[in-house]
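Taking it in order: structure first as structure tokens, then the write-up.
The values are calculated or read from the model by the stated rules, or taken from the named source; none is laboratory data. As the structure is a computational prediction, the values presented were derived from the model and not from experiment. Methodologically, a virtual Cβ is constructed for each residue, glycine included, from the backbone with ideal geometry; neighbour enumeration extends over all protein chains shown. Side chains are part of the model used for accessible areas, which takes the heavy atoms of the whole protein and leaves out ligands, DNA and RNA. Shrake-Rupley method; radii C 1.70, N 1.55, O 1.52, S 1.80 Å.
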Amino acid sequence: MSGDAVDEIIEQWVAERPELADDLWPVEVFGRLQRLGSALEKKFRKFAAERDLELGEFDVLTTLQRSGPPYELTAGAFRKASMVTSGAITNRIDRMEAKGLVERVRDTTDRRSVKIRLTERGHEITHAYMTDHLAHEADMLELFERAECEELAGMLRRLLVSFGDTTIT
């Protein structure tokens, strides 16, 4: 197998600081995770754009869909799940409302609270997008057997848990 950009980075460090050669092993993992994250984000943004969505809009749609009936959440719940600012959530919801994907509804028990609800069009878009998204992700993993993917997922899970990433809320 040919080398990747991280191999080149490590070679450069070994040439520059040979005494670090045995200590560069974490770069093998984290350098690749960082580069992979960037590459995946580009692919996912392009995939979403081809379907007239922004990646953040897809996140909102799928979060609402998987929340179950009545397919609504407060802006605060989105903020916790996505870790973006309230202004960013507001802007995103404004754009999605204009597209007819979501609607704002007043909470019947607390008029100060506004919930974001998936519209029928939002359900349809999410359903189609999610089917395509899963096929797209499977295609991106075509180099691996299913068992290898499960092993990799398990190792990544352990790493995320070690960093305290155990819940989306």
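Under the condition of being closer than 24 Å to residue 87 by Cα and in contact with a His (Cβ under 9 Å, 6 or more places away or on another chain), the residues counted in segment 33-47 number 1. Selection within segment 29-53: residues that are open to solvent by 90 Å² or more (accessible area, probe 1.4 Å) and of a type in the set (Lys, Arg). The member of this set that is farthest from residue 138 (Cα to Cα) is 35. For segment 142-166: of the residues being open to solvent by 80 Å² or more (accessible area, probe 1.4 Å) and not in a helix (DSSP H, G or I), which is nearest to residue 26 (Cα to Cα)? So the residue we want is 163. Against the definition (within 25 Å of residue 37 (Cα to Cα) and not acidic (Asp, Glu)), how does residue 136 come out, yes or no? The answer is yes for residue 136. For segment 90-119, a tally of residues being more than 16 Å from residue 58 (Cβ to Cβ), in contact (Cβ under 8 Å) with a residue 40 or more places away in the chain and in contact with a helix residue (DSSP H, G or I) (Cβ under 8 Å, 6 or more places away or on another chain) returns 2. For residue 130, the conditions (1) in contact (Cβ under 8 Å) with a residue 24 or more places away in the chain; (2) farther than 24 Å from residue 37 by Cβ; (3) out of contact with any helix residue (DSSP H, G or I) (no Cβ under 6 Å at 6 or more places or on another chain); (4) surrounded by 15 or more Cβ atoms within 10 Å (Cβ to Cβ) all hold with the exception of (2).
Counting the residues of segment 15-28 that are part of a helix (DSSP H, G or I) and open to solvent by 70 Å² or more (accessible area, probe 1.4 Å) gives 8.
Among the residues of segment 34-41, is any over 20 Å from residue 93 (Cα atoms) and either of a type in the set (D, E, K, R) or in the same structural domain as residue 88 (by the TED database) (or both)? So far as segment 34-41 goes, yes, one or more of its residues are over 20 Å from residue 93 (Cα atoms) and either of a type in the set (D, E, K, R) or in the same structural domain as residue 88 (by the TED database) (or both).
The residues on offer are 166, 126, and the sole one that is under 17 Å from residue 60 (Cα atoms) and among the hydroxyl-bearing types (Ser, Thr, Tyr) is 126.
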